[in-house]
Amino acid sequence: MSDWRKDVEPLTLKGQIAIPYTWHVGDVGSRFLAALRDEKKILGSRCPECGKVFVPARKNCGACFVDISEWVELKPEGVIEAYTIVHYSHPIQPVKPPFAYALIKLDGADVGFLHLIKKDLDKLKNGLRVKAEFSGERTGKILDIDSFELV
Amino acid sequence: MDKAAIVGVAQTRYERRKKDQIFADMVFDVTRAALDDAGLTINDIDSVVTCSNDFYDGRTISGMAVGDAAGGMDKNISTVSGDGTFGAFYGLMRVLSGYKATIVVAHYKGSEGDVKITTNGMFDPIFHRFLGIEAISAAALQANAYMNLYGLTEEQFAEVSVKNHGNALNNPYAQLAMKITVADVMNSKKIADPLKLFDCCPISDGAAAIIIAGEEIAARSKKKPVWIKGVAHCCESYLLGDRDLAKPVALSEAARKAYAMAGIKNPLREIDVAEILEAFSYMEPLWLEGLGFCKPGEGATLIGKGVTGMGGRLPVNPSGGALSANPILVAGLARLIEATLQVRGEAGARQVDKVNTALAQGFNGPCGQSHCVWIIGGKK
Ligand SMILES: [Zn+2]
């Protein structure tokens, strides 16, 4: 049994799965993305029970398990809650490294908003203020915000 | 809870690339080895749980491809698309609902896919996936939030890497066993601040299997049964921004429930060894806090004092943990298997003295969105 195994050439097959999807982003998601595209506005929503302001806007509060119907326009500015400077490169990244991911607590929101920081990486610190820079060409997607920059 | 026990375990050696084995080969080997370990045959098994993920394996309903290899032919078989600790939880539920013995298998080949693409796939396709975030950069955000809250240092995290890679030298199944220093970790390649290469788990291939049985089968298994004393899992919010990444609340809740079930009041005094899923160095102190072995913010101090070393009060990851091999999904099952070997007294060079009660923990999702905690012991 074991003899033939020593002489086997281990063959591999290359494959690639590329499946097109067309995700409906939901009515709340549609309004959120349309506001980014058309008005350069970041919209959140406030839970009627706990009062928490979520961003991106949500249709429900998982903790209170209720519907959310109140929209809140947030300032496109906030504070860095957490960040990391990425040093590796990969085709899934929208920008060449080094760049940063940050969780940003936008003014008026109660949760962190995940996005990119591309400039002044050596100056980044937890607690610093940043503001959203919108892309020139906006199509209704999260990257309609190009990135955040130090204020 | 009715009594249930772990009666058989097996794992492959973990490697960067297992080019001589396909998924089914690995699963067949560990299934047969777990049966041999238990002194049972496939006819003693009446229920099968496989752990696999379609994105990782590159096939739809990926569990189907290993059903036969797991001994599932003509049996009740289903798949958990998550960490092996969760698969084992489901296996236990099967036994508690009347099946005599469940085999739980997990397999993973990180070498065959692209882990950055597959873990990017964990994130919301509308709001997060386009940002390119994946498991490593998300973990780095968590490490940053944790350091910032408590004023921790990268050197404190590096100590975990030194300890676990060193422990791995005693584990014949480990992939990355090495004697390194804090300076080696600090000087290793920058990945995503504050994480450097040696703060991160390797990409791994491997499989593992465990047999969970009721009292009837446990009474006639070859090895001393290792009894399940308490187990619980808990989940928190999906979006990273909705969570306080420095506070593992789902882990705290899972631990609280598992301890209550096992009658544990003071985990640091009553638990003799812990195997926890630290895919990144900072996770070990953070999870120790969630598990209630110390107060929030004191996990790194506990490690710094040597409490979690092989000679300490609570050795953590004598196997070398996930830093020394991280076949995703398999890694949590490996923690439970290592804990089982410790209770049996069969952990070889990595054996901790006098283990009556052991803890194993695994998690799913970025930054430990959901956790599963097991308490096992030698006494029924
Ligand atoms: Zn609420």
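The values are calculated or read from the model by the stated rules, or taken from the named source; none is laboratory data. Fair warning: this is a prediction, and the values are worked out from it, not measured in the lab. We place every Cβ from the backbone using ideal geometry, glycine too, and count neighbours over all the protein chains shown.
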> List pairs: first in the stretch B:179-190 and at pLDDT 95 or above, second among the aromatic types (Phe, Trp, Tyr) and part of a helix (DSSP H, G or I), Cβ under 7 Å, 6+ apart or cross-chain?
Replying inline: B:180/B:198; B:184/B:198; B:185/B:198; B:188/B:198
> Are any residues in the stretch B:206-251 crowded, with 18+ Cβ neighbours inside 10 Å and polar (S, T, N, Q), and if so, which ones?
Replying inline: B:221
>> Out of A:4, A:23, I need the residue that is more than 11 Å from chain B (Cβ to nearest Cβ) and hydrophobic (A, V, I, L, M, F, W, C). Which one?
In response: A:4
>> So residue A:103 passes all but one of these: (1) surrounded by 16 or more Cβ atoms within 10 Å (Cβ to Cβ); (2) within 16 Å of the ligand (Cβ to nearest atom). Which condition number does it fail?
In response: (2)
>> I'd like to check which helices (runs of 4 or more DSSP H) are fully inside the stretch B:1-107 and have at least 3 residues that are small (Gly, Ala, Ser), more than 22 Å from residue A:10 (Cβ to Cβ) and under 17 Å from the mean Cα position of the chain (by Cα).
In response: B:84-96
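Working only within the stretch A:25-39, note down all residues that are of a type outside the set (A, V, I, L, M, F, W, C) and within 14 Å of residue A:58 (Cβ to Cβ).
A:26, A:27, A:29, A:30, A:31
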>> It is to be established whether one or more residues within the stretch A:135-148 are out of contact with any strand residue (DSSP E or B) (no Cβ under 9 Å at 6 or more places or on another chain), on the phi > 0 side of the Ramachandran plot, surrounded by 14 or more Cβ atoms within 10 Å (Cβ to Cβ) and part of a loop (DSSP other than H, G, I, E, B).
In response: yes
> Of all residues in the stretch A:82-100, how many are buried (at least 24 other Cβ atoms within 10 Å of the Cβ), within 7 Å of chain B (Cβ to nearest Cβ) and in contact (Cβ under 8 Å) with a residue 24 or more places away in the chain?
Replying inline: 2
> Going through the stretch A:32-51 one residue at a time, which ones are under 18 Å from the mean Cα position of the chain (by Cα), away from the ligand (no atom under 16 Å from the Cβ) and either part of a loop (DSSP other than H, G, I, E, B) or more than 12 Å from chain B (Cβ to nearest Cβ) (or both)?
Replying inline: A:34, A:35, A:37, A:40, A:41, A:43
> Restricted to the stretch A:52-81, and to residues that are within 13 Å of the ligand (Cβ to nearest atom), within 22 Å of residue A:144 (Cβ to Cβ) and assigned to a loop (DSSP other than H, G, I, E, B), which residue is nearest to the chain's Cα centre (by Cα)?
Replying inline: A:58
>> Quick test of your reading of the structure: residue B:188 fulfils all but one of (1) crowded, with 20+ Cβ neighbours inside 10 Å; (2) touching a strand residue (DSSP E or B) at 6+ places or on another chain (Cβ under 6 Å); (3) not hydrophobic (A, V, I, L, M, F, W, C). Name the failing condition by number.
In response: (1)
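Each row is one residue, and each column tells you yes or no for (1) in contact with a helix residue (DSSP H, G or I) (Cβ under 8 Å, 6 or more places away or on another chain); (2) under 18 Å from residue B:27 (Cβ atoms); (3) of a type in the set (Phe, Trp, Tyr); (4) modelled with pLDDT of 95 or more.
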| site | (1), (2), (3), (4) |
| --- | --- |
| B:51 | yes, yes, no, yes |
| B:59 | yes, yes, no, no |
| B:62 | yes, yes, no, no |
| B:71 | yes, yes, no, yes |
| B:81 | yes, yes, no, yes |
| B:103 | yes, yes, no, yes |
| B:106 | yes, yes, no, yes |
| B:126 | yes, no, no, yes |
| B:151 | no, no, no, yes |
